[in-house]
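In what follows, a single structure is set out as structure tokens and then discussed.
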Amino acid sequence: MSKKIFVTQPNLPPLEEFNEYLKKIWDNKILTNNGEFHQELEKELCKYLGVKYISLFSNGTLALITALQTLKITGEVITTPYSFVATTHSLWWNNIKPVFVDINPVNFNMDPDKIEAAITPKTTAILPVHVYGNPCDIDRIQKIADTYGLKVIYDAAHAFGVKINGNSVLNFGDLSILSFHATKVYSTIEGGAIISHDEKTKQRIDYLKNFGFADEVTVVAPGINAKMNEVQAAFGLLQLNYVDDAIEKRKVIANLYRQQLKGVKGITFLEARAAGDHVDSYFPILIDKLKYGKDRDYVYDELKKHSIFARRYFYPLISQFPTYKGLDSARPEKLPVAEQVATQILCLPIYPDLTMEVVSKICKIIVSY
Ligand code: T4K
């Protein structure tokens, strides 16, 4: 049996270097609660990402839940069914009703043309996702939000380092959240963040992620415990030294896939974008059964036979899970593009250590079924 190839693999920094950080933690015995590494990582990430304020979290899901608390979002929120389930779960955990709108067929992000029809008197915010790190139609979403007095929170879990004309995609909307999970381009093992644009909001987020404590005896809000610990922060500081190289390697792999799969009937992929504007967090392809001759699940199973574990991100749609299925906005006829993409999508392995031989092998299997 050949070595298993997964959709992704963490990019681990040299162990000796991590040991140096661990030694410092062992020496000063501060393991969590806004320690030295936590503070340093917030500063370094602001510089690296080109954002004003960042608040670190223990994971992206708690960052999402807390972002909604920060802005006191209630009632109904317009969102996408085409994402990881945590996006919608964050609404559920805040007792907010998700209202799904369809995605566009170009980059599978929320279709701005569908938003206005979904607004009701109870709508308070829009929660779009920059799927696979491709930016949403930020200008149009903001215009709608301004017109109807809605907040915008971007789930930017896939969009670490993504820019639009040189400006971080995280600088748009009221808040953005990131995930630093082990499967992401940049990781702190588990981890996440909220990006905010002013000091007061950052302060409120920091209270909320620490039980609501403003000082030793003052609790200003019913906060949660969502703090990143020092081991995660240390790992993150070290990862920052290697992330540019990791993104470069991903780019090479993505280009190789594009070259080798170009022109295969029934296979489409997202176009390459300018360097710096994209970080190739995923390599999704669409498989059109009528043109290709076999369906997506055939390719998924065929790759599995060769110990290659591609993933169907995002199938099933969130709107198909039992918690959400009964919602009127979850009806498949209301989400035709998302329904179709979910049956055709396959994310191929992409991570810095993936060899060119394996990429070629994957392409060969797809080209010659
Ligand atoms: N919003 C969006 C849009 C998201 O995509 C996510 C997370 C979130 C919010 C929430 O952020 P977090 O709370 O997670 O920070 C994975 C990740 O667990 C999840 O973080 C991610 N999105 C989602 C798209 O993918 P699974 O269930 O597919 O993970 P898993 O364990 O099957 O991992 C995939 C492959 O990666 C494995 O087959 C092997 C490899 N792997 C995985 C881990 C965890 C490793 O090689 N090493 C590892 O440590 O959800």
Are there any pairs, at least 6 apart or on different chains, whose C-beta atoms fall under 9 Å, with the first in segment 43-60 and free of Cβ contacts under 8 Å to residues at least 60 places away in the same chain and the second open to solvent by 10 Å² or more (accessible area, probe 1.4 Å), and if so, which? Cys46/Lys52; Cys46/Tyr53
Subset of segment 1-17 [away from the ligand (no atom under 15 Å from the Cβ) and not aliphatic (A, V, I, L, M)]: Ser2, Pro14, Glu16, Glu17
Restrict the check to segment 334-357 and report whether at least one residue is open to solvent by 70 Å² or more (accessible area, probe 1.4 Å) and among the polar types (S, T, N, Q). yes
Of the residues in segment 112-131, those that are assigned to a helix (DSSP H, G or I) and within 12 Å of the ligand (Cβ to nearest atom) come to Val131
If Tyr369 satisfies all but one of (1) part of a helix (DSSP H, G or I); (2) away from the ligand (no atom under 16 Å from the Cβ); (3) over 30 Å from Glu76 (Cβ atoms), what's the number of the condition it fails? (1)
Of all residues in segment 249-269 being small (Gly, Ala, Ser) and touching a residue at least 12 places away in the same chain (Cβ under 8 Å), the one that is surrounded by the most Cβ atoms within 10 Å (Cβ to Cβ): Ala254
Note on segment 132-159: residues among the acidic types (Asp, Glu) and in a loop (DSSP other than H, G, I, E, B) are Asp137
Output the residues belonging to segment 270-299 that are under 17 Å from Ser368 (Cα atoms) and open to solvent by 30 Å² or more (accessible area, probe 1.4 Å). Asp288, Lys289, Leu290, Lys291, Gly293, Lys294, Asp295, Asp297, Tyr298
Sole miss for His130 among (1) touching a residue at least 40 places away in the same chain (Cβ under 8 Å); (2) within 16 Å of the chain's Cα centre (by Cα) is condition (1)
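The rows are residues; the columns are (1) farther than 28 Å from Lys114 by Cβ; (2) more than 16 Å from the ligand (Cβ to nearest atom); (3) touching a Pro at 6+ places or on another chain (Cβ under 9 Å).
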residue	(1), (2), (3)
Tyr300	yes, no, no
Lys304	yes, no, no
Tyr315	no, no, no
Ala342	no, no, yes
Leu354	yes, no, no
Val358	yes, no, yes
Pick from Gly223, Gly191: which is in contact with a Phe, Trp or Tyr (Cβ under 6 Å, 6 or more places away or on another chain) and under 30 Å from Pro14 (Cβ atoms)? Gly191
Need a quick list: helices (runs of 4 or more DSSP H) entirely within segment 31-111 having at least 2 residues that are within 12 Å of the ligand (Cβ to nearest atom), open to solvent by 20 Å² or more (accessible area, probe 1.4 Å) and more than 14 Å from Ala233 (Cβ to Cβ). 60-70
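The values are calculated or read from the model by the stated rules, or taken from the named source; none is laboratory data. Every value quoted in this text rests on a predicted model; they were computed, and no experiment measured them. So basically every Cβ, Gly included, is an ideal-geometry build from the backbone, and we count neighbours across all protein chains shown. Protein only, heavy atoms only, side chains kept; ligands, DNA and RNA dropped before computing areas. Shrake-Rupley method; radii C 1.70, N 1.55, O 1.52, S 1.80 Å.
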